[in-house]
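Structure record follows, encoded as structure tokens.
The values are calculated or read from the model by the stated rules, or taken from the named source; none is laboratory data. The structure presented is a predicted model; accordingly, all values stated were derived computationally and were not measured. Neighbour counts are summed over all protein chains in view; Cβ atoms, including those assigned to glycine, are modelled from backbone coordinates with ideal geometry.
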Amino acid sequence: MQDAIILGGGISGLTAGYLAQKEGLDVSVIEKRTEPGGPISTHKEGDYLVERGPNSLLLPEPWVESFIAELGLTNQLQETKPIASKRYIIKNGRPVPVPTSPLQAITTPLFSFVGKLGFLLEPFRKQISNRAGATETVADFVSRRMGRDFLDYAIDPFVSGVYAGDPHKLILEHAFPIMRSFEREGGSIIRGAIKHKKKQKREGTAYKKRSISFKEGLGILPKTLARKLGNRLWLDSEVVAVNRIDNAWQVTWKRDGENFEGFAKKLVVCLPSHAIKRIAWSEAIAPPLKASPNLEYPAVHSLALGFKREQIPHLLDGFGMLVPSKESPTILGALFSSSLYDGRAPEGHCLLTVMIGGIRRPDLAALSKEKLEEIALNDLRNLVGLEGSPTFSHCSSWPRAIPQYTQNFSPWKETLKSLELEFPGLHFGGNCVDGIAMGSSILSGKRIAACLSTNT
Ligand SMILES: Cc1cc2nc3c(=O)[nH]c(=O)nc-3n(C[C@H](O)[C@H](O)[C@H](O)COP(=O)(O)OP(=O)(O)OC[C@H]3O[C@@H](n4cnc5c(N)ncnc54)[C@H](O)[C@@H]3O)c2cc1C
């Protein structure tokens with residue numbers, strides 16, 4: 001019998017598997033798709049390097065950097081280019097830079113005079129009770145503390161860029177726990193953030209988070225982990241049933257139409273919530289999972305478009321641009337991919353990655369590549385002055401892209417927690433539990449590997 005079987009070969013399951021194996025444990029990772037890494041996947045075509053899913057890994061803490069070094073990927077590491085430090089938000093149909101200094105904050109056309117005043121008054125606004133705060137949406141929180149303008153032209157596009165979600169539905173406590181803790185501990189976001197920074201300085205834990213990628217793209221990370229796992233990673237293998245027999249876990253998966261079985265002392269589940277619910281679980285586990293609410297996963301299309309540089313008059317001097325839901329363009333935003341990292345487009349060309357769909361536009365989920373391209377090109381003509389047609393195009397569609405931490409998230413997480421308590425050795429991780437950023441899923445894998453190598 002194995003020490004553990006890990007369901008799901010996304011970055012969380014792969015990280016957990018690799019770290020547990022390094023501790024000498026006998027583990028297997030079972031992944032449904034033919035490639036490891038979930039949405040983390042890079043496509044190379046000529047001199048274009050396209051990220052099919054995530055484009056950047058925001059390093060959440062120093063450990064992730066040492067993890068990358070341990071995997072031998074330091075020489076592959078790419079920092080974002082200095083030009084990418086600017087970010088744009090669309091206002092009145094034009095990309096407007098996000099202010100990065102107090103002077104810019106005063107003069108920016110992004111917010112109205114009243115909006116700017118709302119921001120300045122934030123430290124003096126009253127807190128609400130912890131109880132009310134626990135279920136407050138991102139939109140209610142931001143309107144209450146910073147005013148409507150800040151919600152519409154800062155948070156709404158930001159939420160679209162991160163979650164492809166709706167700030168009126170996401171619960172702050174789950175979606176952006178740090179913002180909630182700032183208010184709880186500092187009485188205000190601004191005071192809380194200052195207090196937090198001072199504390200980190202005092203304790204020597206200050207760390208400047210930064211976005212990175214790799215010369216061969218982010219896909220090299222899951223590929224490297226997969227190589228380390230060797231024949232302990234089962235690809236093209238869909239888990240269909242899990243049974244608890246005496247003190248062991250029996251896992252059944254399908255590969256090439258054939259059923260395979262494995263037995264392990266511990267079971268790790270790093271699957272999306274809808275995949276967890278689809279599995280045939282043994283009697284004691286199935287009812288609470290069935291009864292718990294669904295998490296919503298909106299569809300997102302990631303359309304990579306290449307152009308001759310002179311086709312776009314805009315400087316493309318930034319990370320990209322985000323579209324607030326109040327504005328008329330259809331796209332959620334576009335990353336200026338070739339401004340972000342070197343080696344994304346051939347000499348004299350540029351690469352833009354346009355995101356379409358999300359919670360905002362479920363009606364676009366099933367659109368053809370041609371239609372999506374039409375929408376993207378039309379918006380790019382208006383927003384950055386694009387002329388002519390793309391010289392390169394690649395579309396990746398994610399029908400269930402990112403879990404939404406709405407009011408259903410709390411009961412869902414409670415269900416998983418109570419199952420973990422009832423069945424020692426059962427662990428849930430990944431982005432339907434521990435945060436939706438790639439960095440959070442890596443840390444989720446680390447957390448689970450630590451549980452596997454101790455007696456929990
Ligand atoms: C388009 C897009 C853009 C993104 N951009 C960014 C970004 O720029 N930066 C960032 O930090 N994050 C980004 N994210 C989010 C981030 O990529 C994910 O949250 C993270 O990779 C999730 O990893 P995970 O291991 O938790 O889950 P997943 O990667 O979803 O892993 C779950 C795995 O389980 C497998 N599976 C499902 N059912 C079964 C079954 N029955 N049996 C076996 N295996 C099964 C799936 O195939 C999948 O590989 C983006 C996501 C998407 C979709």
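Sort out which residues of region 195-237 are part of a helix (DSSP H, G or I) and either touching a helix residue (DSSP H, G or I) at 6+ places or on another chain (Cβ under 7 Å) or touching a residue at least 12 places away in the same chain (Cβ under 8 Å) (or both), and write them in order of number. Selection gives Lys195, His196, Ile220, Leu221, Pro222, Lys223, Thr224, Leu225, Ala226, Lys228, Leu229, Arg232. Total residues in region 17-50 satisfying the condition of being more than 7 Å from the ligand (Cβ to nearest atom), assigned to a strand (DSSP E or B) and of a type in the set (A, V, I, L, M, F, W, C): the figure is 4.
Can you tell me which residue among Pro222, Pro288, Pro313, Pro293 is of a type outside the set (Gly, Ala, Ser) and within 10 Å of the ligand (Cβ to nearest atom)? Walk me through it before giving the result.
Numbers: Pro288 fails: within 10 Å of the ligand (Cβ to nearest atom); Pro313 fails: within 10 Å of the ligand (Cβ to nearest atom); Pro293 fails: within 10 Å of the ligand (Cβ to nearest atom).
Matching residue, one of Pro222, Pro288, Pro313, Pro293: Pro222.
For region 193-220, the set of residues classified as in contact with a Phe, Trp or Tyr (Cβ under 7 Å, 6 or more places away or on another chain) and within 14 Å of Pro36 (Cα to Cα) consists of Ile220 only. For region 404-421, the set of residues classified as polar (S, T, N, Q) and either outside any loop (DSSP other than H, G, I, E, B) or in contact with a Cys (Cβ under 8 Å, 6 or more places away or on another chain) (or both) consists of Ser410, Thr415, Ser418, listed by residue number.
Every residue, every condition in (1) among the hydrophobic types (A, V, I, L, M, F, W, C); (2) near the ligand (Cβ under 8 Å from one of its atoms); (3) surrounded by 18 or more Cβ atoms within 10 Å (Cβ to Cβ), yes or no:
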| site | (1), (2), (3) |
| --- | --- |
| Gln407 | no, no, no |
| Leu419 | yes, no, yes |
| Gly429 | no, yes, yes |
| Leu443 | yes, no, yes |
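Taking the criterion of being over 17 Å from Ala164 (Cβ atoms) and small (Gly, Ala, Ser), the residues of region 344-400 that qualify are Ala345, Gly348, Ser368, Gly385, Gly388, Ser389, Ser393.
Answer with yes or no whether Gly165 is touching a residue at least 24 places away in the same chain (Cβ under 8 Å), crowded, with 17+ Cβ neighbours inside 10 Å, part of a loop (DSSP other than H, G, I, E, B) and of a type outside the set (S, T, N, Q). Here the answer is yes, as Gly165 does meet what is asked.
Flag set for Gln78, criterion: at negative phi and assigned to a strand (DSSP E or B). Within region 422-449, the set of residues being at pLDDT below 95 and in a helix (DSSP H, G or I) comprises Glu422 only.
If you go through region 51-75 and keep only what is part of a loop (DSSP other than H, G, I, E, B) and among the hydrophobic types (A, V, I, L, M, F, W, C), you end up with Leu59, Leu71, Leu73.
Exactly one residue out of Val50, Val29 is outside the structural domain of Leu426 (by TED's automatic domain parsing) and of a type outside the set (Lys, Arg): that is Val50. Considering region 254-273, the residues that are more than 14 Å from the ligand (Cβ to nearest atom) and within 26 Å of Pro399 (Cβ to Cβ) include one that is surrounded by the fewest Cβ atoms within 10 Å (Cβ to Cβ), namely Gly257. Asp236 satisfies every condition listed in (1) near the ligand (Cβ under 8 Å from one of its atoms); (2) within 23 Å of Ser441 (Cα to Cα) except (1). The requirement of being within 16 Å of the ligand (Cβ to nearest atom), in contact (Cβ under 8 Å) with a residue 40 or more places away in the chain and part of a helix (DSSP H, G or I) is fulfilled nowhere in region 395-403; no residue meets it.
When Leu14, Leu58, Leu73 are screened for being surrounded by 16 or more Cβ atoms within 10 Å (Cβ to Cβ) and within 16 Å of the ligand (Cβ to nearest atom), only Leu14 passes. Of the candidates Ile245, Ile276, Ile285, the single residue that is over 14 Å from Val29 (Cα atoms), in contact with a helix residue (DSSP H, G or I) (Cβ under 7 Å, 6 or more places away or on another chain) and modelled with pLDDT under 95 is Ile285. Looking only at region 282-330, filter to residues that are assigned to a strand (DSSP E or B) and in contact with a His (Cβ under 7 Å, 6 or more places away or on another chain); which one of those is surrounded by the most Cβ atoms within 10 Å (Cβ to Cβ)? Checked region 282-330; the qualifying residue surrounded by the most Cβ atoms within 10 Å (Cβ to Cβ) is Ala304.
One residue stands out in region 331-376 among those that are touching a Ser or Thr at 6+ places or on another chain (Cβ under 7 Å) and in a helix (DSSP H, G or I): the one that is farthest from Thr100 (Cα to Cα), namely Glu373.
Of the residues making up region 126-138, those that are of a type in the set (A, V, I, L, M, F, W, C), in contact with an Asp or Glu (Cβ under 8 Å, 6 or more places away or on another chain) and part of a helix (DSSP H, G or I) number 1.
Ile436 - would you say it is in contact (Cβ under 8 Å) with a residue 40 or more places away in the chain and within 19 Å of Ala164 (Cα to Cα)? Spell out how you get there, then give the answer.
On the way: in contact (Cβ under 8 Å) with a residue 40 or more places away in the chain: yes; within 19 Å of Ala164 (Cα to Cα): yes.
For Ile436, the condition - in contact (Cβ under 8 Å) with a residue 40 or more places away in the chain and within 19 Å of Ala164 (Cα to Cα) - is met.
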